[in-house]
Amino acid sequence: MKYNNVIRAAFVRRINRFVAEVDIDGSIESVHVKNTGRCRELLITGSEVWLTAPGTPGRKLKYDLVAVRKSNGIIFNIDSQAPNKVVKEWLEGKDFDRIVPEYTYGDSRIDFFMERNDRRYLMEVKGCTLEIDGIGYFPDAPTERGVKHVRELIRARQEGYESAVAFVIQMDGVSEVRPNMDTHPEFGAVLNEAKAAGVKVLFFKCHVEPDQISVIKMVEG
């Protein structure tokens, strides 16, 4: 997926989960942060960031903050909507008979339902923006919603669906994602339970540039 109208800025500070201040050529401007996670190791004063101006009528803030260069020099995409978009592009290149985004299953909306012949598939997508020593970790903040979705995938697997949790790695150079046990041990426990029940764990390795993110390869964990 590719962004239009991308410009460079310097990060100043995060005001709340949704809003930050950046410096655009000496002018301080409030921007929308497209990620409600902590991103503490990324959104640091002085960091190089990139913004896009969607141009949507009625917006309060002109720009969305979509990418940041970490202190190690690697560019991270932090747009929480990007993972579903790149996975949808990837799925459309496969031979599924039907792809349904935001599919209602049980008490949840699972990111994708697919059909191929008489086989049914459910896939929940998670974006990974936390990297430590070349390893990706999820989540970077507690996610009860994530735990609930994985439990739904376990139930779906028991009912005959092919089920998968897909981690989109929103940076270059990382090939696996591990549960962040320090932040949310319950998610790690339910992910292990899911793997034991036959739910697949998939890693989408990506290439990231300030104005785009694309899947390089999908591997099974």
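The values are calculated or read from the model by the stated rules, or taken from the named source; none is laboratory data. As the structure is a computational prediction, the values presented were derived from the model and not from experiment. Note: ideal-geometry Cβ built from the backbone for every residue, glycine included; neighbour counts use all protein chains shown.
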Name the residue, out of 42, 91, that is under 16 Å from residue 10 (Cα atoms) and not β-branched (Val, Ile, Thr). 42
May I ask you to verify whether residue 82 is farther than 16 Å from residue 203 by Cβ, crowded, with 19+ Cβ neighbours inside 10 Å, of a type outside the set (S, T, N, Q) and within 18 Å of the chain's Cα centre (by Cα)? no
Enumeration of residues in the stretch 1-39 that are in a loop (DSSP other than H, G, I, E, B), closer than 21 Å to residue 184 by Cβ and touching a residue at least 40 places away in the same chain (Cβ under 8 Å): 35, 36, 37, 38, 39
Do you know which residues across the stretch 25-73 are surrounded by fewer than 16 Cβ atoms within 10 Å (Cβ to Cβ), at pLDDT 95 or above and of a type in the set (Val, Ile, Thr)? 28, 44, 45
Would you confirm whether or not the stretch 130-147 contains a residue that is in the same structural domain as residue 197 (by TED's automatic domain parsing), of a type in the set (Val, Ile, Thr) and under 14 Å from the mean Cα position of the chain (by Cα)? yes
Test each condition in (1) within 27 Å of residue 104 (Cβ to Cβ); (2) modelled with pLDDT of 95 or more; (3) surrounded by fewer than 20 Cβ atoms within 10 Å (Cβ to Cβ) for residue 173 and report the one that comes out false. (1)
